[in-house]
Amino acid sequence: RDKNITAGLVQCNMILGGGGWLTQSIKNRVEECYYALFKARAINSTYSYEESAAALVFYVLRDNNIPVSLKEVCSEYTLVRRKVNRLSRLIARFFGNSSVYARDNSIAILNKIVDKYDNSEGDSDNFRESCFIVHAYFMPILEAANFTKSRAYYGAICHMADDLYNCRVGKATIAKLVGLQASSIRTQKKKILGLVGRNNINGVKGVNEI
């Protein structure tokens, strides 16, 4: 039994270390949750150590408001994300915290993107504030339309902020920051602007008045 716990925690730490999330507080929380789950036999044997570790790490990171995608967490191993996602939600339910996946962490994600620009290109205060303004404008519109935000959404917000406020970041740089093809971001931007009947952010009334 102790060997099973140790093996599981080794996988958790490998995922945390690989993603740069291995702080002492996160590590301690993962261990605490793992022991609780193991003691209650809440994870059945149909899940591998790697799947269980990825599901738990994803839950703990989200619970600590760390902007991360399931794809990033699963990148350490070749895993079926749908299966890991299902287990992660079962873990959240076990801890009475199912709402953890309903939290909007868009600001944290935008901060993470702009921080990369800040580290590589210098001052980014104007770009950051511009992204926040555009996101704040579109957020209630997207919620009313039940629009699901993907990684491309954040690229689209950055695109529109760059266009509207002349941040001079550039489309290629934004694509690199977000980690997507520029074409995917353009497609997402078109969908978002379509919700307000426009083709260009400069034609959206009120966005620069927030």
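The values are calculated or read from the model by the stated rules, or taken from the named source; none is laboratory data. All values reported here derive from a predicted model rather than from experimental measurement. Every residue, glycine as well, gets a Cβ built from its backbone with ideal geometry; the counts of neighbours run over all protein chains shown. Side chains are part of the model used for accessible areas, which takes the heavy atoms of the whole protein and leaves out ligands, DNA and RNA. Shrake-Rupley method; radii C 1.70, N 1.55, O 1.52, S 1.80 Å.
With a cut-off of at least 1 residues that are free of Cβ contacts under 8 Å to residues at least 24 places away in the same chain, open to solvent by 40 Å² or more (accessible area, probe 1.4 Å) and of a type in the set (A, V, I, L, M), name the helices (runs of 4 or more DSSP H) lying wholly within the range 142-196.
On the way: elements: 151-165, 171-178, 182-194.
Helices (runs of 4 or more DSSP H) meeting the threshold: 171-178.
If you check Arg29, Arg82, Arg103, which single one turns out to be touching a residue at least 12 places away in the same chain (Cβ under 8 Å) and within 30 Å of Phe138 (Cα to Cα)?
Numbers: Arg29 fails: within 30 Å of Phe138 (Cα to Cα); Arg82 fails: touching a residue at least 12 places away in the same chain (Cβ under 8 Å).
Being touching a residue at least 12 places away in the same chain (Cβ under 8 Å) and within 30 Å of Phe138 (Cα to Cα) holds for just one of Arg29, Arg82, Arg103, which is Arg103.
In the range 55-66, is there at least one residue being farther than 24 Å from Asp104 by Cβ, without any contact (Cβ under 8 Å) to a residue 60 or more places away in the chain and not aromatic (Phe, Trp, Tyr)?
no
From the list Ser45, Ser75, which one is closer than 24 Å to Val178 by Cβ and surrounded by fewer than 16 Cβ atoms within 10 Å (Cβ to Cβ)?
Working: Ser45 fails: closer than 24 Å to Val178 by Cβ.
Going through Ser45, Ser75 in turn, the sole match is Ser75.
Restricting to the range 55-86, name every residue that is small (Gly, Ala, Ser) and not in a helix (DSSP H, G or I). Before you say what the answer is, go through the steps one by one.
The first filter runs over the range 55-86 and keeps only residues small (Gly, Ala, Ser), leaving 55, 69, 75.
Residues satisfying the conditions are Ser69, Ser75.
Could you list, in sequence order, the residues of the range 1-41 that are surrounded by 14 or more Cβ atoms within 10 Å (Cβ to Cβ) and more than 26 Å from the chain's Cα centre (by Cα)? Step through it out loud before you land on a result.
Going residue by residue through the range 1-41, those that are surrounded by 14 or more Cβ atoms within 10 Å (Cβ to Cβ) are 5, 8-9, 11-16, 18-19, 21-22, 26-27, 29-31, 33-34, 37-38.
Scanning the range 1-41 gives Ile5, Phe38.
Could you please give the count of residues in the range 16-56 that are in contact with a Phe, Trp or Tyr (Cβ under 8 Å, 6 or more places away or on another chain) and more than 15 Å from Arg93 (Cα to Cα)?
Residues meeting the conditions: 2.
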